[in-house]
Amino acid sequence: MNILILGSGGREYSIGLAISKEKQEHNIFFMPGNGATSDLGTNINIKDYNKLALWAKENNIELTIVGPEAPLVDGVVDIFKENNLTVFGPSSAAAQLEGSKVYMKNILKKYNIPTAAFIETTNEKEAYDFIDNMTVPIVVKADGLCAGKGVIIAQSKDEAKQAASDMLSGSSFGEAGTSIVVEEFLDGYELSIFAICDGENYKVLPAAQDHKRVGNGDTGPNTGGMGAYAPTPLVNDDIYKKVEERVIKPTLDGMKKEGAPFEGVLFIGVMVVNNEPIILEYNVRFGDPECEILMPLLETPVSELFYKGATKQLDKLEIKIKDEFGVAVVMASANYPYSSSEPAEIIVDEIVDEDILNNTHISYAGVSKEDGKLFATGGRVLLCVGFGNSIKEARDRAYALCGQVHFAGKKIRTDIAYQALK
Ligand code: AMP
Ligand code: GLY
């Protein structure tokens, strides 16, 4: 097939890598891709979605996969569908599940899906009154997309009120914060659960755990994610069953009733409290770094899974997952997540150990290529991904690979998957 992948991160690289390893040969295009995706296919640069759809028609693109949330919220899927192209991802209406926390919370409430008690408001006094009746910590969330920064966990009522006022006045997140959600704090452990959906049918992937804070032991500021592993032993059949019955099915039914059937990746941010899965949030795309371990764990060809997802045929697919564990360690640049860093050349040692060679790979994210050399260009640069028959084996291999990859200022967490190994 001719396949187009939208996005430029490690997530999109890992989707391309998995497709490039399939038995069937494919031509892969990335828009815009990164300095390493050009080794898996062809990078193109057409930012306007209407022009991109025309290009896709002219170039007989048979499947388009959208990685990040912004183009989904902006309606790229709607534009591709108007052009009779096959595209895997939600419409802009369905992408409101991520684009607006107020919309998401109201869907959860309307369809009785377990979530933290909340109010949504645009009014400071209403927020203050609700906060006065809560116990701390108190969670305050900006409605719109804030690049992962729109959630404040306040340790006092004053701090919660300050966060609410700063958001409502527009001073902290502009328009994205002029509507807010204030909700109770959930104390438990977090899971990332992904359902591949075609509007009616769905397939659930093995549950993963992300590591959002920059420092070991979950310290320091939030990042896009510093590492992930799957499947996590913290989830059991009972939790999967509850997530399917109480969350996925009512959400798919509900979105159909809303006139916005959900097609694409439903990323369910779950907090498990006393063995009960409570929904923190929905995203409408793969998590990054979760995608980088889930793609290689799939035995089912990724292109087939997404094609069937895009053409309402998931009921005809039996999904197969490898009987292995995966651990991904993010290697970020020195100043991440505060500021950008100077470009630095990436050197990967020749890997002679067969065990490492056969059970690891690199997923490239923030990289550029010049004169055949790869440079770290800041943010999350790459991920060292390891596989094994246990989480420990997978983790040890991922860290062994980390030792073979060098660039100035490289920064990693050394405790990825600790929750599963304590
Ligand atoms: P969100 O963008 O809604 O996923 O929030 C970002 C992170 O904040 C989540 O991954 C959680 O770690 C944390 N968080 C969000 N809402 C809550 C909550 N109600 N209780 C506890 N932690 C939360
Ligand atoms: N890893 C979390 C996210 O992609 O939002």
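State, as an integer percentage, the relative contact order of the range 36-147 based on alpha-carbon contacts under 8 Å between residues 6 or more apart.
Details: 88 pairs, mean separation 21.6, N = 112.
It comes to 19 percent, rounded to a whole number.
If you take every residue apart from Gly150 with its C-beta less than 9 Å away from the C-beta of Gly150, what net charge results, scoring Lys and Arg +1 and Asp and Glu -1?
Values: positive: Lys101, Lys141, Lys149; negative: Asp143.
Its environment carries a net charge of +2.
Once you have a ≥ b ≥ c as the square roots of the Cα gyration tensor eigenvalues for the range 227-349, tell me rounded if a/c is under 1.5, and otherwise prolate or oblate according to whether a/b is larger than b/c. Provide the component values of the computation, followed by the final result.
Values: a/c = 1.72, a/b = 1.56, b/c = 1.10.
Here the range 227-349 falls in the prolate category.
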Practice task
Please give the calculated 222 nm ellipticity per residue for the chain, where each DSSP H segment of at least 4 residues contributes -39500 (n - 2.57) and the sum is spread over every residue; nearest 500 deg cm²/dmol?
Solution key: -8000 deg cm²/dmol
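Taking 8 Å as the Cα distance limit and 6 or more residues as the minimum spacing, I'd like the relative contact order of the chain as a percentage.
Working: 983 pairs, mean separation 68.9, N = 422.
Computed value for the chain: 16 percent relative contact order.
Structure shown: which of Lys51/Lys249; Lys241/Lys422; Lys81/Lys411; Lys141/Lys392 lie over 32 Å apart, alpha-carbon to alpha-carbon? Walk me through the numbers on the way to the answer.
Details: Lys51/Lys249 36 Å; Lys241/Lys422 26 Å; Lys81/Lys411 41 Å; Lys141/Lys392 36 Å.
Correct reply: Lys51/Lys249; Lys81/Lys411; Lys141/Lys392.
Which of rounded, prolate or oblate describes the range 170-306 when judged by the alpha-carbon gyration tensor and an a/c cut-off of 1.5?
Numbers: a/c = 1.41, a/b = 1.13, b/c = 1.25.
Rounded, because the longest to shortest axis ratio a/c is under 1.5.
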Exercise for the section: Can you bin the range 98-215 into rounded, prolate or oblate? Criterion: square roots of the alpha carbon gyration tensor eigenvalues sorted a ≥ b ≥ c, rounded for a/c under 1.5, prolate for a/b above b/c, oblate for the rest. Expected result: prolate
Exercise for the section: Take the Cα of Glu342, step 7 Å along the line toward its Cβ, and report every residue of the range 383-422 whose backbone nitrogen sits under 19 Å from that point. Expected result: 406-411
Handout entry: Net lengthening on full extension, Asn106/Leu54 (0.36 nm per residue, minus Cα-Cα)
Key = 15.1 nm
Exercise for the section: Read phi for every residue in the range 79-90 and hand back ³J(HN,Hα) as whole Hz from Karplus 6.51 cos²θ - 1.76 cosθ + 1.60, θ = phi - 60°, with x for Gly and Pro. Expected result: 5, 5, 5, 4, 8, 6, 9, 8, 9, 9, x, x
Exercise for the section: Send over the per residue convex hull volume for the chain, Cα only, as a whole number of Å³. Expected result: 142
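Taken together, the values in this text are just the output of simple stated rules run on the coordinates, not laboratory data. A quick note: this is a predicted structure, and the numbers were derived from the prediction, not measured. As a convention, Cβ positions derive from the backbone with ideal geometry for all residues, glycine included, and neighbour counts pool all protein chains shown.
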